[in-house]
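Single-structure report; data block below.
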Amino acid sequence: MQGKQTYYLFRFLLIILSISWLTACSNEEILPKPKAQLRLEYPQAYYQKVDFEHFSIEKSNLAKIERVSGKKINLVYPAMKAKIYLTYNQIDNNLEALLRDAEKFTYEHTVKADEIITHDYINEKDSVYATINQVTGNAASQIQFHATDSIKHFLDGSLYFYAQPNYDSIMPAVKYLQKDIKHLVESLRWK
């Protein structure tokens, strides 16, 4: 009987010693795993020319055209739940007012924006002068832009998502659509 007790005591001490040895050898700090982030990958965009009454652009194959009126056109991205609103205006001694309204609209987002980054685009050959404003943060619209020839044509655009504005979540889509908007502006031609 005493041999059995010694066996159990020896076994118990061996288990305690093994556990102590395993935990003592680990000098690494145990950290919880970070929450997984959804990895969004979008296909490569292919562009096709689209003619409208006063201008032409090249739009992505992922975008569908939604005509609202003669002056308003939307590019809808169903897979991203996004829409680029385009509004065309003819300049009739109102260029300053159109520019002021476009800038005012952009800076209305400063309440929720962390930063507004402005990029100017100039194509003197085709008379396209544009400004693209990228809004970072939880603003309602992440990109606004306007383009003009300073004489006759003015195009205003803005990007919206059909989702609660959470910049971290929509950032991959914003970066993807930023390239599309840049291509749209670079391919813009007046009629």
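The values are calculated or read from the model by the stated rules, or taken from the named source; none is laboratory data. Here the structure is a predicted model, which is why all the values come from computation and not from measurement. Every residue, glycine as well, gets a Cβ built from its backbone with ideal geometry; the counts of neighbours run over all protein chains shown.
Of all residues in segment 181-191 being among the charged types (D, E, K, R) and modelled with pLDDT of 95 or more, which is nearest to Ala45 (Cα to Cα)?
First, the residues of segment 181-191 that are among the charged types (D, E, K, R): 182, 186, 189, 191.
This time we only want the ones that are modelled with pLDDT of 95 or more, so: 182, 186, 189.
Numbers: Lys182: 13, Glu186: 15, Arg189: 20 Å.
Out of the qualifying residues, it is Lys182.
Inside segment 87-114, can you point out the residues that are part of a helix (DSSP H, G or I), buried (at least 18 other Cβ atoms within 10 Å of the Cβ) and at pLDDT below 80?
Within segment 87-114, Thr106, His109 meet the criteria.
Looking at (1) over 18 Å from Lys182 (Cα atoms); (2) surrounded by 11 or more Cβ atoms within 10 Å (Cβ to Cβ), which is the one condition that is false for Leu62?
Status for Leu62: all satisfied but (1).
Just checking, how many residues over segment 145-191 are β-branched (Val, Ile, Thr) and assigned to a helix (DSSP H, G or I)? Can you show your working first?
Of all residues in segment 145-191, those β-branched (Val, Ile, Thr) come to 148, 151, 170, 174, 181, 185.
Of the ones still in play, those that are also assigned to a helix (DSSP H, G or I) are 170, 174, 181, 185.
Here the count works out to 4.
Please go through segment 134-168 and give me each residue that is modelled with pLDDT under 90 and within 21 Å of Leu95 (Cα to Cα), ordered by number.
Scanning segment 134-168 gives no hits.
I'd like to check something: does segment 147-161 contain any residue that is over 23 Å from Ser56 (Cα atoms) and surrounded by fewer than 20 Cβ atoms within 10 Å (Cβ to Cβ)?
In the first step, residues of segment 147-161 are kept if they are over 23 Å from Ser56 (Cα atoms); the result is 161.
Narrowing the set further to residues that are surrounded by fewer than 20 Cβ atoms within 10 Å (Cβ to Cβ) leaves none.
No, there is no match, as no residue in segment 147-161 is over 23 Å from Ser56 (Cα atoms) and surrounded by fewer than 20 Cβ atoms within 10 Å (Cβ to Cβ).
In segment 167-191, how many residues are closer than 21 Å to Glu124 by Cα and of a type in the set (A, V, I, L, M)?
Of the residues in that region, 4 qualify.
Determine whether segment 121-129 contains at least one residue that is in a strand (DSSP E or B) and surrounded by 18 or more Cβ atoms within 10 Å (Cβ to Cβ).
If we filter segment 121-129 for residues that are in a strand (DSSP E or B), which is where we start, we get 121-123, 128-129.
From what's left, surrounded by 18 or more Cβ atoms within 10 Å (Cβ to Cβ): 128.
There is at least one residue in segment 121-129 that is in a strand (DSSP E or B) and surrounded by 18 or more Cβ atoms within 10 Å (Cβ to Cβ).
Restricting to segment 122-167, name every residue that is touching a residue at least 60 places away in the same chain (Cβ under 8 Å) and over 14 Å from Thr106 (Cα atoms). Quick ask: steps written out before the conclusion?
Taking segment 122-167 as the starting set, the residues that turn out to be touching a residue at least 60 places away in the same chain (Cβ under 8 Å) are 123, 126-128, 151-163.
Of everything in segment 122-167, those that are touching a residue at least 60 places away in the same chain (Cβ under 8 Å) and over 14 Å from Thr106 (Cα atoms) turn out to be Asn123, Asp126, Ser127, Val128, Ile151, Lys152, His153, Phe154, Leu155, Phe161, Tyr162, Ala163.
Select from segment 59-74 the residues that are touching a residue at least 40 places away in the same chain (Cβ under 8 Å) and assigned to a strand (DSSP E or B) and list them in ascending order.
Once the filter is applied, which keeps residues that are touching a residue at least 40 places away in the same chain (Cβ under 8 Å) and assigned to a strand (DSSP E or B), segment 59-74 yields Lys59, Ser60.
Sort out which residues of segment 38-50 are over 13 Å from His183 (Cβ atoms) and either surrounded by fewer than 10 Cβ atoms within 10 Å (Cβ to Cβ) or modelled with pLDDT of 95 or more (or both), and write them in order of number. Before you say what the answer is, go through the steps one by one.
Of segment 38-50, the ones over 13 Å from His183 (Cβ atoms) are 38-43.
Scanning segment 38-50 gives Leu38, Arg39, Glu41.
With the checklist (1) more than 19 Å from Pro78 (Cβ to Cβ); (2) without any contact (Cβ under 8 Å) to a residue 60 or more places away in the chain in hand, flag the one item Val185 doesn't pass.
(2)
Among the listed residues Ile117, Ile132, Ile84, which satisfies the condition of being farther than 13 Å from Ile181 by Cα and in a strand (DSSP E or B)? First the steps, then the outcome.
Numbers: Ile132 fails: farther than 13 Å from Ile181 by Cα; Ile84 fails: farther than 13 Å from Ile181 by Cα.
Only one candidate qualifies: Ile117.
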